[in-house]
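Visitor: Got a structure here, written out as structure tokens. Questions coming.
The values are calculated or read from the model by the stated rules, or taken from the named source; none is laboratory data. Predicted, not measured: the structure shown is a model, and the values here were computed from it. Ideal geometry is used to build each Cβ from the backbone, glycine not excepted, and the neighbour counts take in all protein chains shown. In case anyone asks, the SASA skips ligands and DNA or RNA and just uses the protein heavy atoms, side chains included. Shrake-Rupley method; radii C 1.70, N 1.55, O 1.52, S 1.80 Å.
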Amino acid sequence: MHPDSSVSDIARRTDFAQSHVSVSVARLTERALVTTASDPADGRRTRVRIGEDALAAITRRAGRSVDDVLGQAVDRARADEVSTLLGRLAELLL
């Protein structure tokens, strides 16, 4: 993660236009998924940080096993097949 990133830092890392990042940050701020603050060293720059509730939700989800997620997404009989296919896809991509 990159806490306290500026909008231009995010744009550079994601290769999105700065205007797109700015609009996205504004929408995420409205939904309380990120927080923003002026950079104390440069008041023109806005720093972006993930919101506490969003971070807690991500942490909860990251703790779930893939088998649990697959079991909820597809029936048990198909979950094994999907797991095998995802493993094969990972091998091909990596």
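Visitor: Return the pair list, or none, for Cβ contacts closer than 8 Å from residues in the range 54-70 that are within 22 Å of residue 1 (Cβ to Cβ) to residues that are open to solvent by less than 90 Å² (accessible area, probe 1.4 Å), at least 6 apart or on different chains.
Guide: 54/32; 54/33; 54/34; 58/50; 66/83; 66/86
Visitor: On to the next question. Considering only residues that are over 23 Å from the mean Cα position of the chain (by Cα) and of a type in the set (Asp, Glu), look in the range 46-94 and name the one that is nearest to residue 25 (Cα to Cα).
Guide: 91
Visitor: Starting from the range 1-18, keep only residues that are under 16 Å from residue 49 (Cβ atoms), then list their pairs with residues that are of a type in the set (Lys, Arg) and open to solvent by 70 Å² or more (accessible area, probe 1.4 Å) whose Cβ atoms are within a distance under 6 Å, requiring at least 6 positions of separation or different chains.
Guide: Qualifying pairs under 6 Å: 3/49; 4/49; 6/45.
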